[in-house]
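> Provided herewith is a single structure, encoded as structure tokens, for subsequent inquiry.
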């Protein structure tokens, strides 16, 4: 990696699910098992539409899906119902860590780039994943979507992260994968890199740059999607 080419941002804000860890597909399989166990009809398209959404939005959908089989619960009750079913399941997050993640975090740290994480997941889950993947120490700021009335695609989670960093959006970029995340990053004024995701049928075209792997961020940051150099 040629360190003579400066990284053009003071900080990188990472999404977690789908970017640092390949959890979205694992969660999708788990949710499919839950629906099958309770004879709930949910199409793949409906499940794909939840990728990258906040826990609040997923719970709203879950309430509706449970009601379709006469299980009437509010969002808190639906969460408890799902968690009770999933209580014996375990996820090996370390095995789901995406290729190149520790390497890119270390390389950016070596270059003096500040690192933050802004995820729609609950904070307990974020901390668990970061610990399991042995990457928690890289992030000086960690923000959860549960801290806000609305998480992604609302930009508030990114605006709050920028406030904690004390940096303007023009000096930062984010790395996302889903439509809600890309939308939130753009609305916050960030340069948005999207880790390529083709399993769920959504478009990443609104991102500024699409990268194949997380480590590609460093080389891709010097040019935009159309090959025009950043100012």
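> Quick one: how many residues across segment 74-92 are crowded, with 16+ Cβ neighbours inside 10 Å and either touching a strand residue (DSSP E or B) at 6+ places or on another chain (Cβ under 9 Å) or in a loop (DSSP other than H, G, I, E, B) (or both)?
The qualifying residues number 1.
> Got a number for residues in segment 11-39 being surrounded by fewer than 16 Cβ atoms within 10 Å (Cβ to Cβ) and outside any helix (DSSP H, G or I)?
2
> Hey, another quick one. Taking the stated definitions as given, is residue 5 touching a residue at least 60 places away in the same chain (Cβ under 8 Å), more than 24 Å from the chain's Cα centre (by Cα) and within 24 Å of residue 194 (Cα to Cα)?
Criteria met by residue 5.
Conditions tested, residue by residue: (1) surrounded by 20 or more Cβ atoms within 10 Å (Cβ to Cβ); (2) within 20 Å of residue 52 (Cβ to Cβ).
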{"site": "72", "(1), (2)": "no, no"}
{"site": "118", "(1), (2)": "yes, yes"}
{"site": "124", "(1), (2)": "no, yes"}
{"site": "134", "(1), (2)": "no, no"}
{"site": "147", "(1), (2)": "no, yes"}
{"site": "156", "(1), (2)": "no, yes"}
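> Based on this model, can you work out whether residue 194 counts as within 15 Å of the chain's Cα centre (by Cα) and within 24 Å of residue 100 (Cβ to Cβ)?
So residue 194 passes the test.
> Just to check your reading of the model, which residue among 137, 124 is under 16 Å from the mean Cα position of the chain (by Cα), assigned to a helix (DSSP H, G or I) and farther than 11 Å from residue 16 by Cβ?
One residue alone meets the criteria, 124.
> Test of understanding: among 101, 129, which residue is under 25 Å from residue 188 (Cα atoms) and crowded, with 17+ Cβ neighbours inside 10 Å?
101
> Tell me whether segment 33-48 contains one or more residues that are within 29 Å of residue 139 (Cα to Cα) and either within 14 Å of the chain's Cα centre (by Cα) or free of Cβ contacts under 8 Å to residues at least 40 places away in the same chain (or both).
No, there is no match, as no residue in segment 33-48 is within 29 Å of residue 139 (Cα to Cα) and either within 14 Å of the chain's Cα centre (by Cα) or free of Cβ contacts under 8 Å to residues at least 40 places away in the same chain (or both).
So that you can scan it fast, the table gives a plain yes or no per residue for (1) assigned to a loop (DSSP other than H, G, I, E, B); (2) assigned by TED's automatic domain parsing to the domain that holds residue 124; (3) modelled with pLDDT of 95 or more:
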| residue | (1), (2), (3) |
| --- | --- |
| 3 | yes, no, no |
| 46 | no, no, no |
| 52 | yes, no, no |
| 57 | no, no, no |
| 60 | no, no, no |
| 99 | yes, yes, yes |
| 102 | no, yes, yes |
| 105 | no, yes, yes |
| 112 | yes, yes, yes |
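The values are calculated or read from the model by the stated rules, or taken from the named source; none is laboratory data. Given the structure is predicted, the values throughout are model-derived calculations rather than measurements. Ideal geometry is used to build each Cβ from the backbone, glycine not excepted, and the neighbour counts take in all protein chains shown.
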